[in-house]
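The values are calculated or read from the model by the stated rules, or taken from the named source; none is laboratory data. Treat the numbers as computed from the prediction; the structure is a model and nothing was measured. Please note: Cβ atoms are built from the backbone with ideal geometry, for glycine as well, and neighbour counts cover all protein chains shown.
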């Protein structure tokens, strides 16, 4: 009797589901959501609408020059990131909490019993989608602000740090969306996940900054520096010479993260939350 031929390897054994198939499925689900389209539109519109404001309201005699001008231009381009990060968080949360709310997650986990590949596919598709939307919005804002600067007679000489800051802004939005996905997998409730992200991105940093300023408590400010939105904002901060030293002179002992350090801190948040999400997704009933 001849031996039976071994079955071809696949992601889920007898189910025959490949990771590429899971990716395609998650992409179809993400782009099929109306909320994804409207959130993407809001990100672009907010960035484009807010980016001209700083140059528009500042008188000509108060405009900076040199590296300070580049720092100002980057701030003008990324001024909307505080708002668009909340929208990115909504996309990230809805990517998974919507399935828990409708019960579709049971079908997803039936097709992918190990569950981790499904969560990984969601993370990859979401991160790439938000990053592309963020790049488009930043590119449009950059064109508007540079045209506005030229119209005001400003000589803006772009350098590598300028482009890295803009890339960091797009990366920040993508990572915030990924972080919201992890929190959504943990909480499994849309309102709860979004409220948690609002607290981490908006409420806690402002409370820490306010209390630290009123009480003159440097350690609390340093703790606030490691919150997701504060650390993430360093990713798109143009390294203008001397600004960090001035801040440290005003508040001795204050920690100011470099852009790469801000990236590492935000990644650490995502790794920890992602690990918790994977464990809970694998152990809990859908």
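Here are the numbers:
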{"item": "Filtered residues of region 105-128 (kept if surrounded by fewer than 21 Cβ atoms within 10 Å (Cβ to Cβ) and within 22 Å of the chain's Cα centre (by Cα))", "result": "116, 117, 120, 124, 127, 128"}
{"item": "The lone exception for residue 106 - which of (1) touching a helix residue (DSSP H, G or I) at 6+ places or on another chain (Cβ under 7 Å); (2) at pLDDT below 95 it fails", "result": "(1)"}
{"item": "From the options 91, 96, 43, 77, residue that is touching a residue at least 60 places away in the same chain (Cβ under 8 Å) and over 17 Å from residue 131 (Cβ atoms)", "result": "96"}
{"item": "Hits in region 50-104 (condition: more than 21 Å from the chain's Cα centre (by Cα), closer than 30 Å to residue 192 by Cα and surrounded by 18 or more Cβ atoms within 10 Å (Cβ to Cβ))", "result": "99, 100"}
{"item": "Residue among 199, 168 that alone is in contact with a helix residue (DSSP H, G or I) (Cβ under 8 Å, 6 or more places away or on another chain) and farther than 13 Å from residue 88 by Cβ", "result": "168"}
{"item": "Meets criteria (assigned to a helix (DSSP H, G or I) and either under 18 Å from residue 257 (Cα atoms) or at pLDDT 95 or above (or both)) for residue 210", "result": "no"}
